[in-house]
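Notes for the one structure printed next.
Derivation of every value follows stated rules applied to the coordinates shown; laboratory data play no part. Computed from a prediction, not measured in an experiment: that's the story for all the values here. When we count neighbours, we look across all protein chains shown, and the Cβ atoms used for this are built from the backbone with ideal geometry, even at glycine.
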């Protein structure tokens with residue numbers, strides 16, 4: 001007797017996402033799992049209670065997964081003073097004024113998303129905020145969340161003045177006379193963030209659910225939250241996931257990366273073990289540890305093997321090599337210890353020195369513990385020395401790429417390339433080199449730093465330029481093909497997340513699926529960006545329909 005399917009998707013094409021990139025035209029689902037993949041013969045699994053989705057030529061793919069994202073913070077910011085999706089300073093003025101007027105009872109004006117390219121040298125001044133909101137403190141993180149813009153009232157409440165020293169892991173930008181400008185880089189953000197009222201538990205849950213809706217609308221069924229636990233500039237996001245699980249509202253599958261405090265040492269591992277146990281519930285598992293090894297290139301805190309070029313505005317032009325937030329020798333010890341306790345390690349490694357230090361730490365763990373199946377991964381990888389490319393494959397370290405950044409745009413062309421020089425600039429985002437070397441590729445957005453839309457990331461990974469741009473290609477040799485880019489956002493990230501029964505459409509796997517409005521393989525690469533998600537399923541349940 002034939003057991004009918006609960007859900008039948010027919011009329012493909014279906015991109016299975018397997019190693020040979022084969023196709024089908026129908027998929028049958030029972031409960032949470034795929035029970036059959038095939039063609040017209042699957043129609044016999046339809047019964048009176050079967051939901052039938054006629055794909056009508058639209059492409060069915062495995063659900064996208066994001067390997068590095070900050071949904072709670074993104075969702076909270078969407079409900080605050082939102083400065084994303086524009087680079088126009090006048091628009092920033094309008095939005096800040098409008099938000100302050102609409103929220104007269106809020107003691108602080110918070111939010112963010114402004115772009116460094118909007119201001120000379122990437123650094124706005126407190127005077128603009130003072131003119132808009134003179135009576136309340138204002139604290140606005142920039143797009144990449146490695147810097148923040150504060151007004152005079154916020155600086156006053158934080159006790160920051162001309163006599164305040166720079167913290168070891170950051171920089172207070174100053175006028176010629178030494179007075180703080182209101183621009184805070186990296187660890188200096190904490191000086192003000194520490195006095196900002198903490199986001200409430202209810203606000204965090206609302207932010208997570210707001211973000212989950214956005215991510216599902218983009219075909220994303222699972223992700224790795226790249227920062228769980230309190231860090232210097234973000235309140236603890238863990239409660240949002242626990243509350244969502246308690247309310248049966250977490251529909252995505254999520255791995256949480258617990259924050260490694262660079263102010264502490266190996267003694268914090270006991271706390272991380274306790275957090276892992278306490279934070280494993282429903283579809284949420286806190287099984288990874290996030291180590292932020294350096295900053296970003298635009299503010300010259302990315303850790304470089306050779307100094308930044310002259311004219312970078314660094315403390316010691318021609319000598320400054322950025323910041324390693326964790327001592328490289330200690331990093332080896334910490335990573336080996338985390339590996340021994342069955343933690344995956346998720347590195348922020350952006351400069352070539354940080355990438356090398358992270359790989360050295362993975363190598364130390366391999367030497368001490370052997371090759372475990374914990375799947376360490378390095379995110380961002382803006383500059384990778386050619387000597388380190390092959391080490392990813394040899395060490396089993398996944399290259400976690402943020403493809404949207406691999407394109408010519410003002411922040412790259414004005415604030416980065418001039419201070420890297422031509423040789424190092426060509427080492428940026430070496431996706432093609434990593435793929436050819438045999439490395440495993442995963443992909444993520446770092447949202448709210450950049451768009452969470454995987455389609456846009458895939459477009460840039462394939463074209464190495466922004467959608468609808470006719471400008472120059474950003475190091476054409478580092479382009480990758482559409483199939484490999486799609487795999488990074490599906491099976492590659494599923495591998496990182498240890499979700500081995502997702503990322504590929506196959507019988508027995510979970511029915512985490514996305515329906516696209518067209519097949520991007522059928523058109524020119526320049527048109528990939530114009531593909532949209534029509535439906536998203538997690539465990540056979542529809543979580544989004546356009």
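Order these peptides, 219-229, 401-411, by their mean beta-carbon neighbour count within 10 angstrom, highest first.
219-229, 401-411
In degrees from 0 to 90, rounded to the nearest 10, what is the angle of the helix 89-102 Cα long axis to the longest principal axis of the chain?
Helix 89-102 sits at roughly 90 degrees to that axis.
Run through all the Cα pairs of segment 72-193 and give the fraction in each 5 Å bin from 0, expressed as whole percent.
Once binned at 5 Å, the Cα pair distances of segment 72-193 give 2, 12, 24, 26, 21, 11, 4, 0.
So if each residue of separation counts as 0.36 nm, and I subtract the Cα-Cα distance between residue 280 and residue 131, what length gain in nm does that give?
Once the chain is fully extended between residue 280 and residue 131, it gains 49.0 nm.
By per-residue mean of other Cβ atoms within 10 Å, what is the highest-first order of 178-185, 94-101, 45-52?
178-185, 94-101, 45-52
Could you grab the relative contact order for segment 72-193? Cα pairs under 8 Å, six or more apart, rounded to a whole percent.
Result for segment 72-193 is 20 percent.
Using the Kirkwood radius built from alpha carbon pairs, what does the Stokes-Einstein equation give as D for segment 213-328 at 4 °C and 1.567 mPa s, in µm² per second?
79
If the viscosity is 0.692 mPa s and the temperature 37 °C, what translational diffusion coefficient in µm²/s does Stokes-Einstein give for segment 180-265 when Rh comes from Kirkwood over Cα pairs?
Value of D from the Cα-based Kirkwood radius: 226 µm²/s.
Using Cα pairs under 8 angstrom and six or more residues apart, how large is the relative contact order of the chain, in percent?
17
Helix 352-369 sits at what angle to the longest principal axis of the chain, using alpha carbons and giving 0 to 90 degrees rounded to 10?
The angle comes out near 60 degrees.
Given contacts defined as C-alpha pairs under 8 Å and at least six residues apart, what's the relative contact order of segment 201-496, whole-number percent?
13
What would the Debye formula give as log10 I(q)/I(0) at q = 0.10 Å⁻¹ for the alpha-carbon point model of segment 126-247, no solvent?
At q = 0.10 Å⁻¹ the computed log10 ratios are -0.39.
Stokes-Einstein D for segment 12-56 at 37 °C, 0.692 mPa s, Kirkwood Rh over Cα pairs, in µm²/s?
290
How big is segment 201-496 in terms of Cα radius of gyration and Dmax, in angstroms?
Expressed in Å, the Cα Rg and Dmax of segment 201-496 come to 18.6, 55.
As a test, work out the antiparallel percent of DSSP beta bridges whose residues both lie in the chain, rounded to the nearest 5.
Given both bridge residues lie in the chain, the antiparallel proportion sits at roughly 45 percent.
Compute the Cα gyration tensor for segment 377-486, then decide on rounded, prolate or oblate, letting a ≥ b ≥ c be the square roots of its eigenvalues: rounded whenever a/c is under 1.5, prolate when a/b is larger than b/c in the other cases, and oblate in all that remain.
Note, shape of segment 377-486 comes out oblate.
Give the peptides 351-358, 477-484, 71-78, 498-505 in descending order of average Cβ contacts within 10 Å, highest first.
351-358, 71-78, 498-505, 477-484
Does anyone have the angle between helix 269-278 and the longest principal axis of the chain? Alpha-carbon axes, 0 to 90°, nearest 10?
The angle comes out at about 40 degrees.
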